[in-house]
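Q: Starting off with a structure, shown below.
The values are calculated or read from the model by the stated rules, or taken from the named source; none is laboratory data. No experiment lies behind these values; they were computed from the predicted model shown. With ideal geometry, Cβ positions are generated from the backbone for all residues, glycine too; neighbour counts draw on all protein chains shown.
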Amino acid sequence: MKDRNAMKTISQRLEEIKSDGYTVDFQFDESEGVLKSDSNQYTADKIEIVNEFRFEGPSNPDDMSILYLIQTNDGTKGSIVDGYGISGSPELAEFLMKADS
């Protein structure tokens, strides 16, 4: 049996979550303060953070990122990636803090 919690690259984790139904690549619209998919947009009260995974580059602290798994109130499942630390988006972080997790 595979250890699904073993350390993986962000690319490997993205492939894995797609097989679990997290197929939408959400985009954050900073000016409107919403997450967007191809066909919908969601405010923070319409999403739930199901899980998050942190990744660190082998030698460069600038390679740090977080993968958020998100499910919306209409059942849409997807993800969004953000940097963390100095490379992260404060606007996205604030938006996600308002979400139900």
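Q: Taking the condition of being touching a residue at least 12 places away in the same chain (Cβ under 8 Å) and either among the acidic types (Asp, Glu) or on the phi > 0 side of the Ramachandran plot (or both), how many residues in the range 67-101 meet it?
A: Count: 5.
Q: Sort out which residues of the range 23-45 are in contact with a strand residue (DSSP E or B) (Cβ under 9 Å, 6 or more places away or on another chain) and among the acidic types (Asp, Glu), and write them in order of number. Break it down stepwise before answering.
A: Residues of the range 23-45 that are in contact with a strand residue (DSSP E or B) (Cβ under 9 Å, 6 or more places away or on another chain), as a first pass: 23-29, 32, 34-38, 40-45.
If the condition is that a residue be in contact with a strand residue (DSSP E or B) (Cβ under 9 Å, 6 or more places away or on another chain) and among the acidic types (Asp, Glu), then Asp25, Asp29, Glu32, Asp38, Asp45 are the ones that fit.
Q: Looking at the range 66-101 only, could you name the residues that are under 11 Å from Leu35 (Cα atoms) and exposed (fewer than 12 other Cβ atoms within 10 Å of the Cβ)?
A: Passing the criteria: none in range.
Q: Being farther than 20 Å from Gln12 by Cα and out of contact with any strand residue (DSSP E or B) (no Cβ under 9 Å at 6 or more places or on another chain) is the requirement here; does Glu48 meet it? Spell out the reasoning first.
A: On the way: farther than 20 Å from Gln12 by Cα: yes; out of contact with any strand residue (DSSP E or B) (no Cβ under 9 Å at 6 or more places or on another chain): no.
For Glu48, the condition - farther than 20 Å from Gln12 by Cα and out of contact with any strand residue (DSSP E or B) (no Cβ under 9 Å at 6 or more places or on another chain) - is not met.
Q: Before we move on, is Phe55 at pLDDT below 95, over 11 Å from the mean Cα position of the chain (by Cα) and surrounded by 16 or more Cβ atoms within 10 Å (Cβ to Cβ)? Please lay out each step first, then the result.
A: Numbers: at pLDDT below 95: yes; over 11 Å from the mean Cα position of the chain (by Cα): yes; surrounded by 16 or more Cβ atoms within 10 Å (Cβ to Cβ): yes.
Taking the combined requirement at face value, the residue satisfies it.
Q: For the range 78-92, give me the residue count where each residue is more than 23 Å from Lys18 (Cα to Cα) and touching a strand residue (DSSP E or B) at 6+ places or on another chain (Cβ under 9 Å). Step through it out loud before you land on a result.
A: At the first step, the residues of the range 78-92 found to be more than 23 Å from Lys18 (Cα to Cα) are 85-91.
Filter once more, so that each one left must be touching a strand residue (DSSP E or B) at 6+ places or on another chain (Cβ under 9 Å): 87-89, 91.
Result for the range 78-92: 4.
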